[in-house]
Structures are given as structure tokens and as C-alpha cells.
1. How large is the dipole of the range 349-438 about the Cα centre if only Lys and Arg carry +1 and Asp and Glu carry -1, each at its Cβ, rounded to the nearest 20 debye?
2. Which one of LEU433, GLN149, GLY117 has its Cα pushed farthest toward the positive end of the charge dipole of the chain, where Lys and Arg give +1 and Asp and Glu give -1 at the Cβ?
3. Can you give the charge dipole size of the chain about its Cα centre, rounded to the nearest 20 debye, using +1 on the beta carbon of Lys and Arg and -1 on the beta carbon of Asp and Glu?
4. Through the Karplus equation 6.51 cos²θ - 1.76 cosθ + 1.60, θ set to phi - 60°, convert the phi angles of the range 294-302 into ³J(HN,Hα) values in whole Hz; use x for Gly and Pro.
5. What is the percent carbon and sulfur in the accessible area of the range 22-148, measuring with a 1.4 Å probe over the protein chains and ignoring ligands?
6. Extending each Cα 7 Å along its Cβ direction at LEU242 and ASN351, get the distance between those two points in nm, one decimal.
7. Between ASN408 and HIS224, what is 0.36 nm times their sequence separation minus the Cα-Cα distance? Round to one decimal in nm.
8. At 1.4 Å probe size, with every protein chain present, just tell me what the per residue accessible area of the range 195-340 comes to in Å².
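The values are calculated or read from the model by the stated rules, or taken from the named source; none is laboratory data. All values derive from a computational prediction rather than experimental measurement. We place every Cβ from the backbone using ideal geometry, glycine too, and count neighbours over all the protein chains shown. SASA here: full protein model, heavy atoms, side chains in, ligands and nucleic acids out. Shrake-Rupley method; radii C 1.70, N 1.55, O 1.52, S 1.80 Å.
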Amino acid sequence: MTEKDTKMDKIVSLCKRRGFVFQGSDIYGGLKGTWDFGPLGVALNNNIKREWWKMFVDSREDIYGLDAAILMNEKVWKASGHTGAGFSDPVVVCTECNHRFRADHLEDATICPDCKGKLGDAKDFNLMFETKVGAEGNVKSYLRPETAQGIFVNFKNVVDSMSPKIPFGIAQIGKAFRNEIAPREFLFRVREFEQMEIEYFVKEENWEEEFQKLLEDIRAWHKHIGLSDKNLREVEVEGNDLAHYSKRTIDFEYNYPSKGFDELAGFAYRTDHDLQNHIKASGAKLEYIEPDGTRFVPHVLEPSFGVGRTFTAILSEAYTEDELNGETRTYLKLPVHLAPFRAAVSPLLKNKPELVEKAREVFRMLKTEFGNIAWDDNGNVGKRYRRQDEIGTPYCIVIDFDTLGEENPDMKDTVTVRDRDTGEQERIKIEDLVPYLT
Ligand code: GAP
């Protein structure tokens, strides 16, 4: 096992032990390619999505939110090309052990990597999950394989209801489903995942200028969530890898512990390909009309992010082992705005009612203010610090006898605040805690 594998294994194990991520359908032996987010995983996921929405929707005037249905009319996927070869992967099946592989992921697509048997010919396998709608079951539908098409089919609704000025974008966060042939590597390639996507509509002649601006915004996002430059790289997609309709695509790659650099997010100039396809197939007038009456079909820039891959990158970046006071420890160096808990509050001793009462008072005050505050009175203070370090809680607040001010009135209503990264402790007045933690 390499050092990289070990780090990823440790992260996956921490995720299970501390309630971030569990195997989907665990007690029934799991379901491949599905994962369930536990209490801390939901908190981290929600923080990622909230920060993304704040940055790309709430803090801007030019991007509008949308939440489209997962089930869509079959015609959407015919028009978008997803029912055809464009959304299929080549699958090969072993003639001996029946195991399946993605042919394009094998070095030799004729020999089974598991049993060395002979592999059959590659066949196209469509990645969409098909389903039936209604009691008669005669209406075919699909679980959406990307959130983007929900945006394109609502283009006219948003333009008619919001009268946006071009350039403008429509953003959506939601589930997507792909029947991946070989789900693997924790949350990296799964069958049910979440995307955060923007379709940004521009005049054709302005695409390069707008591309550059959005590129800067994507870079700012990755900084905001704490990913370091050394673990990120941008790859210009070229030649056969570039979709035929795209004039420029950049893949943002992250240096994952187990596999090295691989895709985290994508940014594509998709021309007017999608809107034109939907115009042809639906007959709808998906145009933008200028105040002077000029009509045109906008071109599109598409930043597309996976929540699960972002989650994995953030945890990989944050996972740290160091030595503190002569002991090795593991901690998650998560930015405060992403950590599941902003702070943990505890009484020094849980069998002293006066300490517990004061600690509950501080806890309630902070919980009302921030929401994500933990109460932790398990074990001794040292154990609590280790536990909170491991889940990335930036501050631990301890209420002790000095807080009560019985022996030393000067210390009354002060608490100890311990910093996760340095282990250093400060004495802070209770009334200063909110600004301190903000
Ligand atoms: N609308 C464009 C689109 O869907 P994509 O490159 O297929 O493009 C965008 O997907 C992002 O969604 C990827 O960069 C990745 O973060 C995430 N993603 C795609 N397939 C995934 C899978 N099977 N498991 C986890 N994340 C996935």
C-alpha cells in the first residue's frame, strides 16, 4: 500500500467513524456507487452548497437560481443527445468471470484484469437510469444525468419572468444520476451525486471576455474553500477530448491523495449548441430579445462542479497529522465557514451542576447565534479536544471554576477558548465570544 493510499484510507475511515459518510444501504451489504452522508457529512455538504450559492447567486446581480425537477420529459434527453452514443461508455465483459469493465480505462482491453480471461468485444452502454412514470407505466423517463438540461429547458421561463440583462446566468444545485460501469474511489465516481452548475448566457461576440471573468470567479471559489494552488491545476481540453460543439473547455483537476490529479470541476464554452437543439426539438423560441427588438440565441458558458468531489478535495486538503504536546494527533484543518461545528462548548467537569449550568447557558447563547455549535461533555477535556480536532471544530470553549469567579472575581464570566490548529488557549469574556467566533 502506498503512502497516498494510506492517507485516503485514513480519510474514508475517519468519515465512517465520525459520522461524515457511510456506505449506502450498509446493513444490507451496500449498493455499489451509493453513499449516505451522516450528521457531519450533511453539515459539511450544506456548508459547501451554501457558500457556493452565496458566492455565485446571492452576492451577484446577474445569476438567478433554479430548482428543476429530476424527472423530465423523455424528449429533453433525445434533444440533448444523452439517449445516443454521446452519453455512453464502452463496456467489456469477461468471458470467464463475467466481470465488467470500462474498455477505455483498461491498458489492454482484451484481457480481464481480475482473472486474466478473455474479454469480449466492447459495447456501448448508456449511463442514464431509465424509469417509468404513472400507474400504467407506459411513459418513459430518466433520472437526470446532469442538472444542466433543467436550466436550458427553463431558459424562456426565466427570461420571461425575470427580464434579465444579458450577460446573465442561471444556477442550480441538485442530484444527478449516472449508471457508471465502474464506480470507484469513494465519492469520486458514484451513481448518485450532486452537481452545482451554472449556464451563463452571453452574446457570441463576447464569449472570450466573459469566459475570462468566470474563470477568475472559479479560481476565487477554489481559494474560498481552502484548496491550495499546489494541489490544483487547470487543463485545457484539446483535440478529440474536446466535445465537437465546444470551442474551449478547461478541466480543474485536484491532486487527490489516492489517485493524483483528476477532475474536480469543468468549465466549457458550449456555443449555442444546447439551446439550438431544444429549439429544433421543441419548437420553442429560446431567444433573447434586446430592448431595440433584436433577437438572437445566446451562447453559453458552463461552470460545472461536483459536490462529492469538492467534499473529497476539501477533506484531503484539511486532513493533517502532527505532534502536539508530545502526542501525535489527527485533525481536519477546515476553514471556519465549512467546518460542521464552529465551536464546541463543555463544562470542565460534568458532575459539577454549577459548571454544567453555566456551560449550558453559554452553549444556548452561541447556538442561537450560530446554529452549528456542539455540546461535548464526554470523557475528559483532553479527549474532547482530540475528538473535536478530528472533526475539524475550530474552537473548543471550556467553562471552569474561574468562570464562576468564586475564588478570583476578576476571572468571573470568562472562558477558555482553545484554537484547533495551534492548541493554544486564551481567556475570553463570555460577552466577547460572539464577535470572537465571527
Ligand atoms: N453539465 C456538464 C456536466 O455534467 P461532467 O463533466 O459530466 O459535465 C460535471 O460533470 C461534474 O460533475 C464533474 O466535474 C464532477 O465533479 C461531477 N461528476 C460527474 N460524474 C460524476 C460521478 N459519476 N460521480 C461523482 N461526480 C461526478
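1. Its charge dipole is roughly 420 debye.
2. Highest projection toward the positive end goes to GLY117.
3. 1260 debye
4. Going residue by residue, I get 5, 10, 7, 8, x, 8, 10, 10, 10 Hz, with x marking Gly and Pro.
5. Working: 3850 of 7340 Å².
Carbon-and-sulfur percentage of accessible area, whole number: 52.
6. The answer from the label model is 7.2 nm.
7. Values: separation 184, 0.36 × 184 = 66.24 nm, distance 4.27 nm.
Residue separation times 0.36 nm, minus the Cα-Cα distance, leaves 62.0 nm.
8. On a per-residue basis, 44 Å².
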